[in-house]
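Step one of this worksheet: look at the structure below.
What follows is calculated from the coordinates using simple rules that are stated; it is not laboratory data. Owing to the predicted nature of the structure, the values given are computational and were not obtained by experimental measurement. With ideal geometry, Cβ positions are generated from the backbone for all residues, glycine too; neighbour counts draw on all protein chains shown.
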Amino acid sequence: MKRSMKKILTFALLAVVAIAATVYFFVIPFVLSLQYTGRVHAAAQPLESNFKDIGESVDLLRELGPETPDDKKKKDIEYIMKLIQTGQQEIMKLEAAGNTFAPPPYSELSGQYEKVTALKEHTKRLVDQSREVLADYQKLATYLDTFGAAITDVSTELSDFNSTIDINVYANRSAYVGQVARKLRENASLLSALSPPNDMKEVNAGAIRVINEAANGFDDLAYGLLIPADDPIYAAARRIEAATVELDAIKGTMYDHSLEQSRVIKNVLDLDEKLDLVLGS
């Protein structure tokens, strides 16, 4: 009788252990995996619409050329920056949700957490890559805003000069022409102090070179007016006109081509593909 009771207790104990093991290694992992996946997906959902809006904002950024009116430029830049800020905030929430996976000790030995582990890795990769992409996009937008302001300032001076029919209107205005040269150099210095994205380095360097060339032309003109002498005056005018043609090419064709080939913009447009790895897991 005692032996039978002992067997019953042993079997009962084994059954309890088996049930506990099943719960610990299978039921709990299933529940925890379901809960973790739900938290991550819930945190990732807002990024779906945010990344879509950011991708569409690329068209606005491409339109922010040097000729864009200041009020439109200001409005569009503020809109893009707000989208980026919202994205950065949502990425922080996703990062927090991605870090909530904490299985009980040894429960991963059952192999029930493979999908969750993959989701955690995809989430971390999305967070890291998206954060870098948005930082690069913010840098590009900030650069284009500053670049556009400098080029607009320079173009205004060059346009005023080139629209002058009779250069004799500058007679006795050598000091004014010298001020224009200094103003152009200030804009060139502003661009030199920037750290342009790799996509725009060639444009930035070209603009700096041409603006300084135009400034040299105005210095030459100021000198010619001071003498006064026709040959240096008209040589300076040709130098300014040539610089204007070069700057138009830089702020036009080269600028547009650089944005079309921009790695930063390509990465922005690919953000939704990175998100699919998380929402599809």
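Using 1/(1 + (r/R0)^6) with R0 = 45 angstrom and r between the beta carbons of Glu114 and Met81, what's the FRET efficiency to the nearest 0.05?
Working: r = 40 Å, r/R0 = 0.89.
According to the calculation, E is roughly 0.65.
If contacts are Cα pairs under 8 angstrom and at least 6 residues apart, what is the relative contact order of segment 146-264 in percent?
On the way: 120 pairs, mean separation 35.4, N = 119.
Reported as a whole number, the value is 30 percent.
Assign one of three labels to segment 146-264, namely rounded, prolate or oblate, based on the Cα gyration tensor with a ≥ b ≥ c the square roots of its eigenvalues; rounded applies when a/c is under 1.5, prolate when it is not and a/b is larger than b/c, and oblate otherwise.
Numbers: a/c = 2.86, a/b = 2.23, b/c = 1.28.
Prolate is the answer for segment 146-264, as a/c is 1.5 or above and a/b outweighs b/c.
Going through the cross-link list Lys73/Lys93; Lys52/Lys266; Lys93/Lys274; Lys52/Lys115, which pairs have a Cα-Cα distance over 21 Å in this structure?
Numbers: Lys73/Lys93 31 Å; Lys52/Lys266 13 Å; Lys93/Lys274 17 Å; Lys52/Lys115 27 Å.
Listed pairs above 21 Å: Lys73/Lys93; Lys52/Lys115.
Please list, by residue number, everything in segment 43-67 whose backbone N is under 14 Å from a paramagnetic label point 7 Å out along Cα→Cβ of Lys93.
Those under the cut-off are 43-51.
Would you list Leu247, Leu94 from fewest to most Cβ contacts within 10 Å?
Numbers: Leu247 22, Leu94 26.
Least to most surrounded, the residues fall as Leu247, Leu94.
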